[in-house]
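Worksheet for the structure shown next.
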Amino acid sequence: MPAFKELVFSGVQPTGNLHLGNYLGAIKRFVAMQARSECIYCVVDLHAITLWQEPAELTSQIREVTAAFLAAGIDPARSIVFNQSQVPQHAELAWIFNCVARLGWLNRMTQFKEKAGKDRENASVGLYDYPVLMAADILAYRATHVPVGEDQKQHLELTRDIAQKFNNDFAGAIAEQGHGEAFFPLTEPLIGGPAARVMSLRDGTRKMSKSDPSDYSRINLTDDADAIAQKVRKAKTDAEPLPAEAAGLDRRPEADNLVGIFAALNDATREEVLRDYGGAQFSAFKGALVDLAVAKLGPIGAEMKRLVGDPGHIDRVLADGAARAEAIAAPNLAAVKDIVGFVRRR
Ligand code: AQP
């Protein structure tokens, strides 16, 4: 595999209730990646409509996710920030990848099974095809690294399968047209840290999720200090004090989750947290967690609210980012069309 220029890509859906899992598993890590790589961060509105979205609500959610990116510390002058539907190459490449990906591969995707539920016949074709569009999002930029939460691992594997099959199927044209052995990189998922999978505050065996009907299951990025305090205090726990070592969190999903959240908010490891709080009762630990969460999330929530009050500014950031994104994606798509054998205007 030839060396590809390091490029980071990731996205968040504008589907409401951005929560601590989205922040710790993804957005906080997007911010950190800016120091070492060129980064492209996308509000994936084409993905959002795989489930019904009220149009006016979708518009405001696109701006809210953008506000969250900026409030968390993504610098739109350094990184590219845009919404997916403004760059047509995502949908165009997705179609070509639809003809590369195999039905059997998509049939294995667990997120489709979870989201479609029992009424699979009534799910949109887009929901089924979601992972192919995700592969196109990443590979339109030939991105080498994708920071995501653990729930996206299977989709990233599919992205690698699609890249590999495209590189093999078109190996002759890729070489003839001067791209060497491979046109697409085998993108590396960046999944890790103590909050790769933040769990519901009501049930430590279920993922914290935007669509959970209970608002007490998650901390939203826009929650104020009182809401954060109430949710943490009501979070489900067990009856034992915290263990002294991380191994003691095995089979204690709620304790493991709260310690992982504390660790991720504090840029620490579970071991370091337990060095300070091992043996503590949950009442004391939850108090410290409330203080930490309010200190870290309060300024982000306040800045998000300020930014959404200026939609003109947000829309200019998205337009500028879309133009810069398209400047990378358009030549890549032109090369893909040549490789596939299409005739195109020059
Ligand atoms: N609980 C989580 N822990 C860690 N990371 C998470 N992510 C989502 N939930 C957690 C990561 O956040 C990024 C953006 O996610 P998304 O908006 O694209 O969609 P999602 O994964 O479908 O988010 P939700 O909250 O789980 O929504 P619903 O309820 O609709 O299913 C991704 O990197 C994701 O891994």
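Read-outs: derived from the displayed coordinates by stated rules, not from any lab. Computed from a prediction, not measured in an experiment: that's the story for all the values here. Note that we place each Cβ from the backbone using ideal geometry, even for glycine, and neighbour counts take in every protein chain shown.
Key figures
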quantity: Where labels lie 7 Å past Cα in the beta-carbon direction, separation of Arg108 and Leu186 in nm; calculated: 1.4 nm
quantity: Of the chymotrypsin sites (Phe, Trp or Tyr not before Pro) in segment 15-123, those whose Cβ has at most 13 other Cβ within 10 Å and which sit in DSSP loop; calculated: Trp52
quantity: Whole-Hz ³J(HN,Hα) from phi, Karplus 6.51 cos²θ - 1.76 cosθ + 1.60, for segment 313-318, glycine and proline x; calculated: 5, 4, 5, 5, 4, 5
quantity: Nitroxide proxy distance, nm - points 7 Å out along Cα→Cβ at Ala302 and Ala288; calculated: 2.5 nm
quantity: Sparse-neighbourhood loop sites, GluC sites (Glu not before Pro) in segment 221-287 - DSSP loop, at most 14 other Cβ within 10 angstrom; calculated: Glu245
quantity: Karplus-derived HN-Hα couplings along segment 14-29 (A = 6.51, B = -1.76, C = 1.60, θ = phi - 60°), whole Hz, x at Gly and Pro; calculated: x, 10, x, 6, 4, 10, 4, x, 4, 5, 6, x, 10, 4, 4, 6
quantity: For Leu201, distant residues with modelled amide H under 5 Å away; calculated: Arg218
quantity: Distance in nm between pseudo-label sites at Asn122 and Phe4 (7 Å out along the Cβ direction from Cα); calculated: 3.9 nm
quantity: R0 of 45 Å, Cβ-Cβ distance Val340-Arg251: FRET efficiency to nearest 0.05; calculated: 0.30
quantity: Acute angle (nearest 10 degrees) that the helix 253-265 long axis makes with the longest principal axis of the chain, alpha-carbon atoms; calculated: 70 degrees
quantity: GNM result for the chain, Cα springs below 10 Å: residue of Ala335, Ala255, Ala325 fluctuating most strongly; calculated: Ala335
quantity: Sparse-neighbour loop sites [GluC sites (Glu not before Pro); segment 1-69; at most 16 other C-beta within 10 Å; DSSP]; calculated: Glu6
quantity: Segment Asp315-Ala91, extension gain: residue separation times 0.36 nm, minus the distance between their alpha carbons; calculated: 78.5 nm
quantity: Exceeding the 30 Å Cα-Cα cut-off - candidates Lys153/Lys305; Lys210/Lys305; Lys207/Lys296; calculated: Lys153/Lys305
quantity: Principal axes of the chain: Cα extent on each, largest first, Å; calculated: 68, 44, 44
quantity: Beta bridge orientation in the chain: antiparallel %, DSSP, nearest 5; calculated: 10 percent
quantity: About the Cα centre, charge dipole magnitude for the chain (Lys/Arg +1, Asp/Glu -1 at Cβ), debye; calculated: 280 debye
